[in-house]
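Undergrad: The structure that follows is given in the form of C-alpha cells.
The values are calculated or read from the model by the stated rules, or taken from the named source; none is laboratory data. All of these numbers come straight from a predicted model, not from anything done at the bench. Cβ placement follows ideal geometry from the backbone for every residue including glycine, while neighbour counts extend to all protein chains displayed.
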Amino acid sequence: MSDLLLQVRAGAMAASLAALSVVGPSSAGAAVAGTTEAPSLAPYFSAIDATPKAPDADGFLQRWLLLEPIVKPNRSNTGFTGTYVREALTTQYFPSQFKGVPRDGQAVSAAGAPLRWHALDTTLFDVKLFNFAQSLSKPTYGVIFWAVTVVNSPREISNVRLAVGSNSASIWWVNGKEAAGLFGDRRMVMDDVVSAPLTLHKGKNIVRGAVINGPGLSDFCVRFIDEDGHPIRDIALDLR
Amino acid sequence: MRHLVFAMTCASLALLSAAPAGAQLAGEPYIHDPSTIAQSDGKYYTFGTGRGGLVSDDGWTWHAGGERPGGGVAPDVIKIGDRYYVAYAVGGGGMNGGHASNVKIMWTKSLDPKSPDFGYHDVGVVASSNGVEDCDAIDPAFLYADGRLWLSYGTYFGYIRMVELDPKSGERLSGNQPVDVAIDMEATALLYRDGYYYLLGTHGTCCDGPNSSYNIRVGRSRTPTGPYLDNMGIPLLKGGGKLVVAGRGRVFGPGHFGLIDLGDGMQKYSMHYEADMDRSARSVLGIQPLLWKDNWPLGGDNVGSGTYEIQSARSGGALELAVDFVRMPIDRRGGFFGPPPGSVSPVAMQTLAQDSAAWPAGPIDVDLADYMIRPHQQWTVTPAAGAGGYFGSPYFKIVIAGTDRALAATADRKVVAVPAFTGADEQLWRIDQLIDGTYRITPKASLGSKTPLALVAIGASTPVLAKFDPASDAARWEFKTP
C-alpha cells in the first residue's frame, strides 16, 4: 500500500527549532505510539558554520538555504505533467524568487503566508525536505520547497553536468539558467536526471531548485559530475 | 520469504472457469497486495489487504476464499516446519491512517478453514513505527534462508527495514535491531539464490488503476542486511533498483512480488496488477514466469498466441510433420553462382497447399529436422478456450499453421499430429517458460505417468514424451518467429 490520498496537515504551527523528541529505532513489542510532537531537525540537519563545506565523498551538495514550504495542495502526484510543474514552479510566489541569495532567517511573504529561509547542512546525501517541514511544524504534503546554494569553484570547469534526484517533481537552475527538470510522479534516485553540459565559473555559482510534492516524502539530492560521470569534489559551498 | 516450493503433480486438474479473452488467470482473481502463494491441503492460497484472500485448485482459476483474521494490510505467508506463519500490518499506510503501525505475526497449521489443523495463534508484534520516525511498518515480507528467518517491511515513508525473527516461534530475536536497507520503495519481497540476497520492491504509484505506475525493482547483497546494490552499483539506500517487471499489454502496475518455485528449473512469481483492462481495470492477481540472467531476476513471458518454429535446444532441429520434403524451384539462369543474366524478382514461399499435397489423411508422425521454412514446420499456438491452465498459463492447442491438424500425445508417449483438434487432454499442452528463457512443453494428459511428462528430444531428430531433466537441453524448446 502506498501513500495516495492527501490529507494536508492543516495549520502550520509555531516553528520549533529546539531539539524535541529524537525518535529511536522501532523496537519489538513496542506499541504504536502516534505522537503529535514535532521531531528534531538533528538527525538530518545541522547548523552551518563559517567554513565552506566540501561535497561529500560522492559529490553530493550538503549545504542549502531552504525556504519553509509553500502550500500547494495536490491530491495525487500523477498530475505532475511537465506543463503543470513548469507552471507551478515558475509562478512568482515571492520577490527575488529567481535571483540573488537569501539570508539565513530572512522572511518572505509567499502565497500570502510568512515564510522563513533556513541555512542548514545535511547529514545525509539527500536533503530531507519532509523532515525539514515536519520539524518546523509546517505542512508536509501538498507543498512546494525552494532551495538555494552557492558553489564556489577554484577555477572555471567546463563540461560538467548537474545530476539530480527528487521526490517528487522539480526544476533546477544553475546561474539563472534552467539546467534540469524532473516531471511526473518522481521518486528520488541519485543521478535520476542529468543536465546538458554546463560550465561552472571560477568563483561563485548559484544553484537554485524548487520541488513540488503532493502525498509524498519530499527530498532531493544534487551533485555535479564530470564527463566520465565522476563527482566534482574540488568545490566548496557557502551561502553568501 | 515470498518463496513457495511446489512439487509438481499430475493431480492438478484445471477447473473450467470462464476467463476474459486474453486473461492471464481465470475465475475472480480480485486482490490487492497478495501474499506469497502457499500450498495447504491440496489447494493454493493467497491473502491480500483486508480479511480475505483467494484460493485455487490449480493456480489458474482463483476464487474468493481463505480466512485471515486480524485485518490490516499486505500480509505475507511462509511455511516453516508444520506452521504457516502469517505476517501482517495494522495501522500505517498513508496520511489518512498515519504512519504509526505494527507488524504482527500469527501462525496456523493449515490454511484450509475446514481442516482440523486450522486455527490461528497470535505471536504478537515484531516491528513497529511510531508515526514520526522515517519508517512506516507495513508490507512485511519473509525470507527463510540458511536456517535464519528475516523480515523486511516499510513503504515510501522513509526506510525499508530488516529484522530477524526466530524461525521456531516467529518472535523477534532478542536484542535484534532494525537495519535500514532501502528508501523510496514499498511492497518488498526477499529472495536468496546462489549466495546473493535479493531485495525486491515496487517503485511508482499504486492504487490508481490504469494511472498507477507501480513496477517491481531489485537490488542484491551478499548479506541479508545489505548493502543492496542495483545493476549500476547504485545503493537501494540511494534510490537504486533494477527493473524486474513493469506493466505491459492490458495490465498495469505490477507490485507485491511473491516467488513460486515449481522446481525443475521453473520459477514463477505472483503479484497484483493495479489494473486488468479485461476486468474493468480492477486490481487482480497475476502470475508470470521468472527468469534469471547474470544472477538477476527478470520477468519472463508466457508464449503468446502466434505461429512459430518450435526449435529444440538440443539439436536446433525444428519440430515438424514427418512428411516428404517438397522442393522449391531455383533460378539456374547463367549458372547458380553470380548475378542472373536477366531480371530479378521476388520468389513466393512454398504454400501450405504445395507442401501438404501428399500428406496422409490420418495421424502423421512428428520429428525434428533442419528448419527449412516450410509449412509443415510452422505451428500456430493459441490458448485452448475453456481448457483451464496451470500457474499463470493456460493450456494451449498447437496446430500446423493454416490447418486444424493438432500436436497430440499418444498412449505410447510419442507425439503425432492428428487430423483435427478435439480438445482432448492429449491435445492440450502446458508451455512453461524456464528460468533461462527457454520453454518446457508438457501434455495435459498424464499418459499413465505419476510425474508429468515433457516433450524431450531423446535424439537429435526424435522427440518423445519423457521425464523432464532440468539439467539437459533435451527438453528445452524455443518459439521462434517463422
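Undergrad: What about residue B:300, is it crowded, with 18+ Cβ neighbours inside 10 Å and within 21 Å of the chain's Cα centre (by Cα)?
TA: Details: crowded, with 18+ Cβ neighbours inside 10 Å: yes; within 21 Å of the chain's Cα centre (by Cα): yes.
Against the criterion (crowded, with 18+ Cβ neighbours inside 10 Å and within 21 Å of the chain's Cα centre (by Cα)), residue B:300 qualifies.
Undergrad: Right, another one. Within region B:201-230, take every residue that is surrounded by fewer than 24 Cβ atoms within 10 Å (Cβ to Cβ) and touching a His at 6+ places or on another chain (Cβ under 9 Å) and give me the one that is nearest to the other protein chains (Cβ to nearest Cβ).
TA: In this case the residue turns out to be B:207.
Undergrad: Quick one: count up the residues across region B:252-296 that are buried (at least 24 other Cβ atoms within 10 Å of the Cβ) and among the charged types (D, E, K, R).
TA: Residues that pass the stated criteria total 3.
Undergrad: Return the pairs, sorted by first residue and then second, in which the second residue is outside any strand (DSSP E or B) and at pLDDT 95 or above, the first residue lies in region B:69-89 and is farther than 11 Å from residue B:122 by Cα and among the aromatic types (Phe, Trp, Tyr), the beta carbons are less than 6 Å apart, and the residues are 6+ apart or on different chains.
TA: Listed pairs, sorted by first residue: B:84/B:111.
Undergrad: Within region A:38-69, which residues are hydrophobic (A, V, I, L, M, F, W, C), more than 27 Å from residue A:160 (Cβ to Cβ) and assigned to a loop (DSSP other than H, G, I, E, B)?
TA: Going through region A:38-69, the residues hydrophobic (A, V, I, L, M, F, W, C) turn out to be A:38, A:41-42, A:45, A:47-48, A:50, A:54, A:57, A:60-61, A:64-67.
Subset that is more than 27 Å from residue A:160 (Cβ to Cβ): A:38, A:41-42, A:47.
If the condition is that a residue be hydrophobic (A, V, I, L, M, F, W, C), more than 27 Å from residue A:160 (Cβ to Cβ) and assigned to a loop (DSSP other than H, G, I, E, B), then A:38, A:41, A:42 are the ones that fit.
Undergrad: Limited to region A:185-213, what total is found for residues that are farther than 23 Å from residue B:236 by Cα and outside any strand (DSSP E or B)?
TA: 4
Undergrad: For region B:428-482, name all the residues that are at pLDDT below 95 and at positive phi.
TA: B:447, B:448
Undergrad: While we're looking at this one, here's another question. Step by step: first the residues of region B:160-179, then only those that are without any contact (Cβ under 8 Å) to a residue 60 or more places away in the chain and crowded, with 24+ Cβ neighbours inside 10 Å, then the one that is nearest to the other protein chains (Cβ to nearest Cβ). Which residue is that?
TA: The qualifying residue nearest to the other protein chains (Cβ to nearest Cβ) is B:172.
Undergrad: Residue B:198: facing chain A (nearest Cβ under 8 Å), among the aromatic types (Phe, Trp, Tyr) and at negative phi, yes or no?
TA: Values: facing chain A (nearest Cβ under 8 Å): no; among the aromatic types (Phe, Trp, Tyr): yes; at negative phi: yes.
In short, no.
Undergrad: Please verify whether region B:72-82 includes one or more residues that are among the basic types (Lys, Arg) and modelled with pLDDT under 95.
TA: Taking region B:72-82 and keeping what is among the basic types (Lys, Arg), we get B:79.
This time we only want the ones that are modelled with pLDDT under 95, so: none.
No, every residue in region B:72-82 fails to be among the basic types (Lys, Arg) and modelled with pLDDT under 95.
Undergrad: Report, by residue number, each residue of region B:102-134 that is at pLDDT 95 or above and within 14 Å of another protein chain (Cβ to nearest Cβ).
TA: Matches in region B:102-134: B:102, B:103, B:104, B:105, B:122, B:123, B:124, B:125, B:126, B:127, B:128, B:129.
Undergrad: Something else now. Please pick out the residue among A:237, A:217 that is farther than 25 Å from residue A:52 by Cα and either modelled with pLDDT under 95 or crowded, with 19+ Cβ neighbours inside 10 Å (or both). Full working, then the answer.
TA: On the way: A:237 fails: farther than 25 Å from residue A:52 by Cα.
Sole residue among the options that is farther than 25 Å from residue A:52 by Cα and either modelled with pLDDT under 95 or crowded, with 19+ Cβ neighbours inside 10 Å (or both): A:217.
Undergrad: Tell me, which residue of region B:157-171 that is in contact with a Leu (Cβ under 6 Å, 6 or more places away or on another chain) and not aliphatic (A, V, I, L, M) is nearest to residue B:100 (Cα to Cα)? Reasoning before the result, please.
TA: Of all residues in region B:157-171, those in contact with a Leu (Cβ under 6 Å, 6 or more places away or on another chain) come to B:157, B:163-167.
Pick out the ones that are also not aliphatic (A, V, I, L, M) and you get B:157, B:164, B:166-167.
Values: B:157: 11, B:164: 21, B:166: 24, B:167: 26 Å.
Across region B:157-171, the extreme among qualifying residues is B:157.
Undergrad: Another one. If you take just the strands (runs of 3 or more DSSP E) that sit entirely in region B:219-336, which of them hold at least 1 residues that are in contact with a Ser or Thr (Cβ under 9 Å, 6 or more places away or on another chain) and of a type in the set (Gly, Ala, Ser)? Quick ask: steps written out before the conclusion?
TA: Numbers: elements: B:242-245, B:251-263, B:266-276, B:282-293, B:296-299, B:306-312, B:318-321.
Counting at least 1 such residues, we get B:251-263, B:266-276, B:282-293, B:306-312, B:318-321.
Undergrad: List the strands (runs of 3 or more DSSP E) that sit entirely inside region B:378-460 and contain at least 3 residues that are of a type in the set (Gly, Ala, Ser) and surrounded by 19 or more Cβ atoms within 10 Å (Cβ to Cβ). Working first, answer last.
TA: On the way: elements: B:379-383, B:396-400, B:406-409, B:415-418, B:429-433, B:439-443, B:453-457.
Correct list: B:406-409.
Undergrad: Say we look at region B:140-159 and pick out the residues that are away from chain A (no Cβ under 11 Å) and of a type outside the set (A, V, I, L, M, F, W, C); which of these is nearest to residue A:44 (Cα to Cα)? If you could, list the steps in order and put the result at the bottom.
TA: The first filter runs over region B:140-159 and keeps only residues away from chain A (no Cβ under 11 Å), leaving B:140-150, B:152.
From what's left, of a type outside the set (A, V, I, L, M, F, W, C): B:140, B:144, B:146-148, B:152.
Numbers: B:140: 26, B:144: 34, B:146: 36, B:147: 37, B:148: 33, B:152: 23 Å.
Taking the candidates together, the pick is B:152.
Undergrad: Restricting attention to region B:28-74, and to residues there that are within 14 Å of chain A (Cβ to nearest Cβ) and among the aliphatic types (A, V, I, L, M), which single residue is farthest from residue B:386 (Cα to Cα)?
TA: My answer is B:73.
Undergrad: Here is a further query. Does residue B:188 meet the test of being within 8 Å of another protein chain (Cβ to nearest Cβ) and closer than 30 Å to residue B:56 by Cα? Walk me through how you get there before you give the answer.
TA: Details: within 8 Å of another protein chain (Cβ to nearest Cβ): no; closer than 30 Å to residue B:56 by Cα: yes.
Taking the combined requirement at face value, the residue does not satisfy it.
Undergrad: Name the residues in region A:70-99 that are assigned to a loop (DSSP other than H, G, I, E, B), free of Cβ contacts under 8 Å to residues at least 60 places away in the same chain and surrounded by fewer than 13 Cβ atoms within 10 Å (Cβ to Cβ), would you? Lay out the reasoning, then the answer.
TA: Quick first cut of region A:70-99, residues assigned to a loop (DSSP other than H, G, I, E, B) only: A:72-76, A:80-81, A:91-99.
Those still in the list that are free of Cβ contacts under 8 Å to residues at least 60 places away in the same chain too: A:91-97.
Answer for region A:70-99, where residues must be assigned to a loop (DSSP other than H, G, I, E, B), free of Cβ contacts under 8 Å to residues at least 60 places away in the same chain and surrounded by fewer than 13 Cβ atoms within 10 Å (Cβ to Cβ): A:92, A:95, A:96.
Undergrad: Can you give me the number of residues within region B:134-151 that are surrounded by 24 or more Cβ atoms within 10 Å (Cβ to Cβ) and of a type in the set (D, E, K, R)?
TA: Of the residues in that region, 2 qualify.
Undergrad: Quick one: which strands (runs of 3 or more DSSP E) lie wholly within region A:117-184 and hold at least 3 residues that are away from chain B (no Cβ under 12 Å), free of Cβ contacts under 8 Å to residues at least 40 places away in the same chain and over 15 Å from the mean Cα position of the chain (by Cα)?
TA: Details: elements: A:143-153, A:157-167, A:169-174, A:177-182.
Strands (runs of 3 or more DSSP E) meeting the threshold: A:177-182.
Undergrad: Go over the candidates B:402, B:392, B:317 one by one and state the one that is in contact (Cβ under 8 Å) with a residue 12 or more places away in the chain, under 30 Å from residue B:259 (Cα atoms) and in the same structural domain as residue B:440 (by TED's automatic domain parsing).
TA: On the way: B:402 fails: under 30 Å from residue B:259 (Cα atoms); B:317 fails: under 30 Å from residue B:259 (Cα atoms).
Unique residue meeting the criteria: B:392.
Undergrad: As an exercise: evaluate residue B:333 against (1) surrounded by 14 or more Cβ atoms within 10 Å (Cβ to Cβ); (2) modelled with pLDDT under 95; (3) among the basic types (Lys, Arg) and give the number of the one condition it does not meet.
TA: (1)
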